[in-house]
Every structure is written in C-alpha cells, then in structure tokens.
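S.K.: Just dropping this structure here.
The numbers here are math on the coordinates, done by the rules we state, and not lab data. Since the model is a prediction, treat every value here as computed from it, not as a measurement. Using ideal geometry, Cβ is built from the backbone for each residue, glycine included, and neighbour counts are taken over all protein chains shown.
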Amino acid sequence: MTHYPLLFRYQQAVEGNGFVARVEIRGRILAESTAEGFWFSGVNPGDPSGGGATLQEAYADFRKSLTEIIFDIALEGHGFEAFEREVSGLFDATDRESEVAWLRAVEEIRTVRTGENFTKLPRLTAEDPRWVKITEIVPAAANASENAVDPDPALAA
C-alpha cells in the first residue's frame with residue numbers, strides 16, 4: 001500500500017434550522033493506493049473517508065462523506081452559532097494516525113518518489129495553510145457570484 005498526502009478545498013452552502021451558511025474548508029487527506037483502487041482518509045477534518053476504483057471516484061466519495069457529516073450537524077443544530085461551533089470542532093478533530101502517515105508521505109514525495117499516480121494533480125507546498133470558515137448567509141445579501149466548483153485535490157510536497 002502506498003500513501004499520498006493531498007490538500008483539498010471544499011465549499012458548500014448548507015441550510016440549517018433557521019439559518020443558511022457557507023462552509024469553506026482547506027484541509028488534508030491521506031490517499032492510499034490499494035489493489036482495489038484508492039482510499040481517502042481525512043486528516044483535517046479527521047472523520048470523513050471514502051473510496052473508489054479511481055482517484056476521482058474516491059475523491060467524490062470522500063466529499064460525499066464530508067457533506068453528509070456537515071448536513072447531519074446542520075440537522076441537529078440549534079441555530080447558526082451552534083452549527084459554527086460543531087463544524088469548527090469537526091475540522092479541529094485531527095486523525096492523529098493519518099496525520100503521522102500524511103507527514104511521512106510528504107517526506108517520501110519530497111525525497112524519494114515523484115507521486116507517480118498523481119502526476120496530473122497540481123502540487124502545493126505541504127505547509128499550505130489549512131482552515132475552516134463558516135459564514136452565515138443573510139438571504140437579502142446572498143450573491144450567486146459566491147458559487148464555486150471545488151478544484152481537484154493537490155499533491156502536498
């Protein structure tokens with residue numbers, strides 16, 4: 001099994017109980033190449049995971065898992081502040097085992113391997129900032145120009 005450190009961006013509008021919010025995340029994923037395809041484990045946030053026969057399928061499954069978690073938080077929440085607190089906590093819940101493997105994979109990419117399965121992905125420095133931003137959307141101030149399609153993940157090196 002081979003590990004690859006990835007950075008990802010995520011943006012999703014979320015309707016909650018009495019609020020609408022935009023969730024933006026810049027996080028880390030540990031990708032594993034297996035005989036069956038790929039498995040993605042969240043590092044920041046640590047809870048979501050996903051798999052598939054191809055890199056694209058695994059990434060889509062990971063994003064689906066993350067979206068389902070965020071939607072569940074919105075469903076259980078009691079207003080925007082509680083939602084913001086819970087999603088921030090989700091992001092801060094680092095999977096320490098995956099983080100250790102992610103950092104080890106960064107060093108391998110930098111010193112030994114070239115990321116052979118990921119050569120078409122853009123490369124970013126592994127030190128690229130990670131963050132979560134939750135913004136309440138006031139319906140009168142909503143703006144379609146804020147809509148965005150998240151880019152493919154980038155190989156951290």
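S.K.: Collect residues whose amide H, placed 1.01 Å from N in the peptide plane, falls under 5 Å from the amide H of ASP95; neighbours closer than 5 in sequence don't count.
M.R.: GLY46
S.K.: Still on this structure, I have one more. Does anyone have the angle between helix 80-92 and the longest principal axis of the chain? Alpha-carbon axes, 0 to 90°, nearest 10?
M.R.: Approximately 10 degrees, to the nearest ten.
S.K.: Counting pairs of alpha carbon atoms under 8 Å apart in space and at least six apart in sequence, what relative contact order in percent does the chain give?
M.R.: Answer for the chain is 32 percent.
S.K.: On to the next question. What is the P(r) of the chain, as percent of Cα-Cα pairs per 10 Å bin from 0?
M.R.: The distribution over the chain is 11, 40, 31, 15, 3, 0, given as percents.
S.K.: Right, here's the next one. With the convex hull built on the Cα atoms of segment 2-69, state its orientation-averaged projected area in nm².
M.R.: So the Cα hull casts an average projection of 4.4 nm².
S.K.: Which residues among segment 1-37 fall inside the zone where the amide N is under 18 Å from a point 7 Å beyond the Cα of GLU57, along Cα→Cβ?
M.R.: The answer is 2, 31-37.
S.K.: If I model a spin label as a point 7 Å beyond the Cα along the Cα-Cβ vector, how far apart are those points for LYS133 and THR2 in nm?
M.R.: 3.5
S.K.: Moving on to the next point. Each residue of segment 37-44 in turn: what ³J(HN,Hα) in whole Hz from Karplus with 6.51, -1.76, 1.60 and θ = phi - 60°, glycine and Pro shown as x?
M.R.: x, 9, 10, 10, 10, x, 9, 10
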